[in-house]
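The structure appears right after this line, and notes come after that.
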Amino acid sequence: MSTKHSARAFTNRSRGRSARRDDGRHMLAQTFLKRSVKMLERVSSAASPEALKTALASPTDLGGVACLLSDMASLDLDLSSVDPFAEALARGTKIKQELLKSAGGGLTSGQVAAALGITRQAVDKRRSRRALLAVPTGSGEYLYPACQFTREGVIPHLEVLLQAFQIKNPWTQLSSLLAPAPGLRGKSVLEVLRAGELKKAIGIVGSFGEQAA
């Protein structure tokens, strides 16, 4: 078999594998879509008119779903008849929304890149090496809590502090940075870091331990 023929055969096999992966991904997406539609139908049927109106007022589709689940959970409605995990999901979603709000909101990688004057790839690299804190959105993207930035850029020594975390969950890390910490007289770890007390901040962060993840 000639080298040219071998290369063509290899290319065809690669295209075949790629096509099968795409077909498999499409089938999974369609299956998930059908299941999600059924879930939304059940939730919508159980929701009150007021909850539905509030959800429809959300500027995004995802925000509307999260808002609806959160409202239903906060009203102590029985979501177990809709889905055994719906109430837990709603409460978890609400907590994350409130946490991100407390952090000043979340920035996309593009917004962070523009603010720091670097590329989006560079932002991703900083996230990967734990130089920036980012929380997952569930869609494969990340949001960067605004509290870690200043007008001049990133809070000095933030990377060192993030590296000191034994906790791996980024949502738990964010909560730990924002909540009043023991021994800091009501201040948060982030406030202490902003004040330039790096050693004290690292001491608090390092004491949380893996069990808090």
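The values are calculated or read from the model by the stated rules, or taken from the named source; none is laboratory data. Remember, it's a predicted structure, so these values are computed and weren't measured experimentally. Every residue, glycine as well, gets a Cβ built from its backbone with ideal geometry; the counts of neighbours run over all protein chains shown.
Condition check: modelled with pLDDT under 95, surrounded by 12 or more Cβ atoms within 10 Å (Cβ to Cβ) and closer than 24 Å to Q97 by Cβ. Does L184 satisfy that? It is false that L184 is modelled with pLDDT under 95, surrounded by 12 or more Cβ atoms within 10 Å (Cβ to Cβ) and closer than 24 Å to Q97 by Cβ.
Here the condition is being modelled with pLDDT under 60 and assigned by TED's automatic domain parsing to the domain that holds Q97; of S18, S48, S58, S14, it holds for S14 alone.
When L99, L89, L174 are checked against the criterion of being touching a strand residue (DSSP E or B) at 6+ places or on another chain (Cβ under 6 Å) and modelled with pLDDT under 95, L174 stands alone in meeting it. Can you spot a residue in the range 108-116 that is within 13 Å of the chain's Cα centre (by Cα) and closer than 24 Å to C67 by Cβ? Scanning the range 108-116, I find at least one residue that is within 13 Å of the chain's Cα centre (by Cα) and closer than 24 Å to C67 by Cβ, so the answer is yes. When L178 is tested against (1) among the aliphatic types (A, V, I, L, M); (2) under 29 Å from T60 (Cα atoms); (3) free of Cβ contacts under 8 Å to residues at least 60 places away in the same chain, exactly one condition is not met: (3). From the list L143, L132, the one residue that fits, being part of a strand (DSSP E or B), free of Cβ contacts under 8 Å to residues at least 60 places away in the same chain and within 16 Å of the chain's Cα centre (by Cα), is L143.
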